[in-house]
1. Would you mind classifying segment 31-157 by shape? Square roots of the alpha carbon gyration tensor eigenvalues, ordered a ≥ b ≥ c; an a/c under 1.5 is rounded, otherwise it is prolate if a/b is larger than b/c and oblate if not.
2. Sequence gap at least 6, Cα distance under 8 Å: using those rules, report the relative contact order of segment 94-162 to the nearest whole percent.
3. Taking a point 7 angstrom from the Cα of Val121 along the C-beta vector, which residues in segment 75-111 have backbone N less than 13 Å away?
4. Tell me, what is the percent relative contact order of segment 35-160, built from C-alpha pairs under 8 Å that lie six or more residues apart?
5. How would you rank 108-117, 55-64, 87-96, 42-51, highest first, on the average number of other Cβ atoms within 10 Å across their residues?
Amino acid sequence: MPRAKAKVKAGRSARTARWQSPAKRPVPAARPKARPAQRFTVSHHRDEDFRTDGLRAYAKYRDLGLSRATHGMVQAHVIRLLPPFRREEVSKRHYHDVEFQMVYVLKGWLETELEGEGAIVMKEGSCWIQPSGIEHTVLGYSDNCEVLEIVLPADFKTVELE
């Protein structure tokens, strides 16, 4: 009976073949829009990496390095919302001009109102996609709220409506 390893070139194990250098791997099918090659990046959690120079004054942002690694195609960051929640500062209706936006609650909870969806409480483990241009408002969050946000492109526009 032929073995699965028969597809591997002589003298190479299946493991070696799987981890061969990029130059020897088959070239993937052409993509509709050519993008620069992505680079490897890794980001390990360090509290000192949370910065207050992000989009919102009531949050600290930890950049995960994807924007640089993807030449601006993707931005990913962990957002730590700062207590206490202050409606007058936080609850401003706005939208983002993006190709893609996903948010995942890592800790705590976040209540948001999304155009056409109403108010929704997102708890630890909740994940949602926020379509481009959808108007939304943050209605509240826990003192320990942290979310992961992934956005395409990395450089996007936020439009304040209030």
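Please treat every number below as a calculation from the coordinates, not as lab data. Remember, predicted model here, so these are calculated numbers, not experimental data. FYI the Cβ positions are ideal-geometry reconstructions off the backbone, even for glycines, and counts take in every protein chain you see.
1. Oblate, since a/c reaches 1.5 and b/c is not below a/b.
2. 50 percent
3. Under cut-off, by backbone N: 108-111.
4. Once divided by the residue count of segment 35-160, the mean separation gives 30 percent.
5. My ranking of the peptides, most packed first, is 55-64, 108-117, 87-96, 42-51.
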